[in-house]
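K.L.:
Please see the structure below; I have some questions.
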Amino acid sequence: MKRRPLGRSGRDVSAIGLGCMGMSEFYGPTDDEQSLDTLAAALDLGIDFLDTADAYGIGRNEELVGRFLKGRRDRVVLATKFAIVRDAKTGSRRIDNSPAYVRQACDASLKRLGIDTIDLYYSHRRDPAVPVEDMVGAMAELVTAGKVRYLGLSEVSPATLRRAHAVHPITALQSEYSLWSREPEKETLATCRELGITFVAYSPLGRAFLTGKIESPESLAPDDFRRSNPRFAAEAFARNKKLADSLADFAKKKGATSAQIALAWILAKQPHVVPIPGTRRRHYLTENAAAADITLTPADIAALDALFPPQAAAGERYASMANIES
């Protein structure tokens, strides 16, 4: 597995990481033993950049990753997040960026993960009511205390990123980026390059839509959150399916899968970006990892850009875009 620098931290990570969210909820039934097997396979493939959050499974995902880390801690670059506070009984959620909560959430994550130090600690979402300087100041105290090594933000604007970086070096910015979600190309990716910040691309496969394996919304599990996602709604699905089909045709000509081409496009186009496709299945993990060895020519990149122009996808990324800065 090829490697990429993690900001200006002096450390590097696998060029393709692994998003662990779906191992605990959101995408239908889960299987912890299957997920643990996939995590082990990731290390065997050289994928050592693992991504979780306290909100995933309301702590269960961190506990699962913590089980995996036993005896393997020094082989993993671990990222987790705070800020999305979910109520297990009502399902409600709120954003908390307060300094007191930053400290509380970090301690809780360390306990669930069973570790002493988090490698990369993100603010998962932004609450504009709390000055970003106050939040990052509290996060920086965690670095001083040895509880966190590097800081990250998620789904914030370039202006907020600059304000945060002025308080304490930001190592990574995580936001959605893929062939059908190209908004970061407007300004965010350039800002990250300028500041020496790694851009971590979540949902690089469009929540599996870009793999071409989803034939209809009805094929998803009843509790799969994509059933309520605007891009999977009936009319939008039909329009977006044409995009996925065009990618499949391109991939076939290259002797690769749609998922591999979608990941290879990110890697070829953005040398400071690390995609973190999520999966709980070993065979999809192996397929994704192989994307790091695919070479796309400038002509290939141009062709894919033309197939997926900005705003090509039908529907918003989320039902509610609150707490996501443009």
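K.L.:
In degrees, nearest 10, range 0 to 90: what is the angle between the Cα axis of helix 158-167 and the longest Cα principal axis of the chain?
P.N.:
Taking Cα atoms only, the helix is inclined about 30 degrees.
K.L.:
Something else now. As a test, work out the antiparallel percent of DSSP beta bridges whose residues both lie in the chain, rounded to the nearest 5.
P.N.:
Around 20 percent of the beta bridges assigned by DSSP in the chain are antiparallel ones.
K.L.:
Could you calculate the FRET efficiency of ALA40 with ARG8 from 1/(1 + (r/R0)^6), where r is the beta carbon distance between them and R0 is 25 Å, rounded to 0.05?
P.N.:
0.20
K.L.:
Cut-off 10 angstrom, C-alpha nodes, Gaussian network model of the chain. Which of SER175, SER123, SER219 fluctuates the most?
P.N.:
For the chain, modelled as a Gaussian network with Cα springs under 10 Å, the answer is SER219.
K.L.:
Separate question: Looking only at ASN97, ASN288, ASN229, which one moves most when the chain is put into a Gaussian network model with springs between Cα atoms under 10 Å?
P.N.:
ASN229
K.L.:
Going by a ≥ b ≥ c, the root eigenvalues of the Cα gyration tensor, does segment 78-143 fall in the rounded group (a/c under 1.5), the prolate group (a/b larger than b/c) or the oblate group?
P.N.:
Note, shape of segment 78-143 comes out oblate.
K.L.:
Apply the Kirkwood formula to segment 1-136: the hydrodynamic radius equals the inverse of the mean of 1/r over all pairs of different alpha-carbon atoms; give it in Å with one decimal.
P.N.:
About 15.7 Å for segment 1-136.
K.L.:
Now for a different question. What is the extension gain from ALA248 to THR90, computed as 0.36 nm multiplied by their sequence separation minus the C-alpha to C-alpha distance, in nm to one decimal?
P.N.:
Fully extending the segment from ALA248 to THR90 adds 52.8 nm.
K.L.:
Under a 10 Å cutoff between Cα atoms, tell me which one of ARG11, ARG281, ARG60 has the largest fluctuation in the Gaussian network model of the chain.
P.N.:
Maximum among the listed residues: ARG11.
K.L.:
For segment 206-326, just list the percent of Cα-Cα distances falling in each 10 Å bin from zero outward, please.
P.N.:
It works out to 12, 41, 37, 10, 0, in whole percents.
K.L.:
With the cut-off at 1.5 for a/c, could you classify segment 150-241 from its C-alpha gyration tensor as rounded, prolate or oblate? Please list the in-between numbers first.
P.N.:
On the way: a/c = 3.14, a/b = 2.56, b/c = 1.23.
The shape class here is prolate.
K.L.:
With a 10 Å Cβ neighbour count serving as the proxy for reagent exposure, in which order, fewest first, do MET321, MET21 appear? Intermediate results must be reported in sequence, preceding the final value.
P.N.:
Details: MET321 12, MET21 20.
Fewest to most other Cβ atoms nearby, the residues stand as MET321, MET21.
K.L.:
For CYS106, CYS20, CYS192, what ranking results if the residue with the fewest other Cβ atoms within 10 Å of its Cβ goes first?
P.N.:
CYS106, CYS192, CYS20
K.L.:
Need one number: the % of Cα-Cα pairs in segment 113-168 sitting beyond the 18 Å mark. Display every interim value, and only then the final one.
P.N.:
Numbers: 446 of 1540 pairs.
Result for the distance tail: 29 percent.
K.L.:
Further, regarding this structure: How far is helix 234-254 tilted off the main Cα axis of the chain, in degrees rounded to 10, range 0 to 90?
P.N.:
Approximately 80 degrees, to the nearest 10.
K.L.:
Just grab the label-to-label distance for LEU307 and SER157, each label 7 Å out from Cα along the Cβ direction, in nm (one decimal).
P.N.:
If labels sit at LEU307 and SER157, their model points lie 3.4 nm apart.
K.L.:
Give, in nm to one decimal, the length gained when the segment between HIS283 and THR117 is fully stretched (0.36 nm per residue of separation minus the Cα-Cα distance).
P.N.:
Working: separation 166, 0.36 × 166 = 59.76 nm, distance 3.10 nm.
Residue separation times 0.36 nm, minus the Cα-Cα distance, leaves 56.7 nm.
FYI, it's all coordinate maths here, none of it is from the lab. Computed from a predicted structure; not experimentally measured. Because the Cβ atoms are built from the backbone with ideal geometry, glycine has one as well, and the counts that use them run over all protein chains shown.
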